[in-house]
Amino acid sequence: MDTDRYDDSALIQMARENFFPFLDGVRNSGQMNMCGAPRLLRELYGLSRREATDIFYMWNDELKRRTSGQ
């Protein structure tokens, strides 16, 4: 899933500001497998399964861009 596929730029901006830093922190802590991150987003923030999964995939795409130097 690519953030370019999302038409709602407000959703992307909200995810970047509110959830990407949290997901970066979880990843950097090394305390959990990131495959469990959508569940964590649902539990901590009350997101639906779809919202949490979409945010996770947007973050993952962003992470790939950052780590590949693009």
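The values are calculated or read from the model by the stated rules, or taken from the named source; none is laboratory data. Bear in mind the structure is a predicted one, so any value in this text is a computation, not a measurement. Here the Cβ is made from the backbone with ideal geometry for all residues, glycine too, and neighbour counts use every protein chain on show. Accessible surface areas use protein heavy atoms only, side chains included; no ligands, DNA or RNA. Shrake-Rupley method; radii C 1.70, N 1.55, O 1.52, S 1.80 Å.
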J(HN,Hα) series, the stretch 29-45, from Karplus relation 6.51 cos²θ - 1.76 cosθ + 1.60, nearest Hz, glycine and proline x: 5, x, 8, 8, 6, 5, 4, x, 4, x, 4, 4, 4, 4, 5, 7, 10
For the chain: accessible area per residue (Å², 1.4 Å): 66 Å²
Quote the Stokes-Einstein diffusion coefficient, in whole µm² s⁻¹, for the chain, based on the Kirkwood radius over alpha carbon pairs, a temperature of 37 °C and a viscosity of 0.692 mPa s. 267 µm²/s
From highest to lowest solvent-accessible area (probe 1.4 Å; ligands, DNA and RNA excluded), Ser68, Ser48 read Ser68, Ser48
Taking 7 Å along the Cα-to-C-beta vector as the label spot, tell me the Arg16-Arg66 distance in nanometres, rounded to one decimal. 1.2 nm
